[in-house]
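Have a look at the structure below before the remarks.
The values are calculated or read from the model by the stated rules, or taken from the named source; none is laboratory data. Since the model is a prediction, treat every value here as computed from it, not as a measurement. Glycine gets a Cβ as well: all are built from the backbone with ideal geometry, and neighbour counts include every protein chain shown.
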Amino acid sequence: MRLRTWEKGQKVCVARIGAVIPDGGFEIKKSKIRGELSEGMICSAKELNISDDHDGIMVLQTDAKNGTPFAEISGMNDVVFDIGITPNRGDLFSPLWYCPRNCYLW
């Protein structure tokens, strides 16, 4: 496995403390690595389940503002409603029926 390093001025995706990495299912915690304090992790596309490419650190476009959430940069900031429907409410399987009755809260 070959890991590329980044160069000065490049933007990278960083998972900060509390983030959960989808590829491993682990939470980022403050720790010491090789004697140095670590408060996050620089991510590859594979670690974020975006791609199977594990060629190294994912370098982002350079015009992105520092601190911008990756979801905004990548266009993955959609709202997802995870709705659990019990078998006795089959009528709720239709979004045309469910949303007008229940989405007024949002």
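Residues that are of a type in the set (D, E, K, R), farther than 20 Å from residue 21 by Cβ and out of contact with any Asp or Glu (no Cβ under 9 Å at 6 or more places or on another chain) do not occur anywhere in the stretch 54-61. The condition of being farther than 20 Å from residue 53 by Cβ, surrounded by 11 or more Cβ atoms within 10 Å (Cβ to Cβ), in contact with a strand residue (DSSP E or B) (Cβ under 6 Å, 6 or more places away or on another chain) and modelled with pLDDT of 90 or more holds for only one of 28, 17, that being 28. Here is the figure for the stretch 57-96: residues that are at pLDDT 75 or above and closer than 23 Å to residue 44 by Cβ total 21.
Would you kindly identify the strands (runs of 3 or more DSSP E) lying entirely within the stretch 1-61 that contain at least 2 residues that are closer than 23 Å to residue 75 by Cα?
Hits in the stretch 1-61: 14-16, 40-42.
Reported count of residues in the stretch 62-89, each being exposed (fewer than 13 other Cβ atoms within 10 Å of the Cβ), among the hydrophobic types (A, V, I, L, M, F, W, C) and not in a loop (DSSP other than H, G, I, E, B), is 1.
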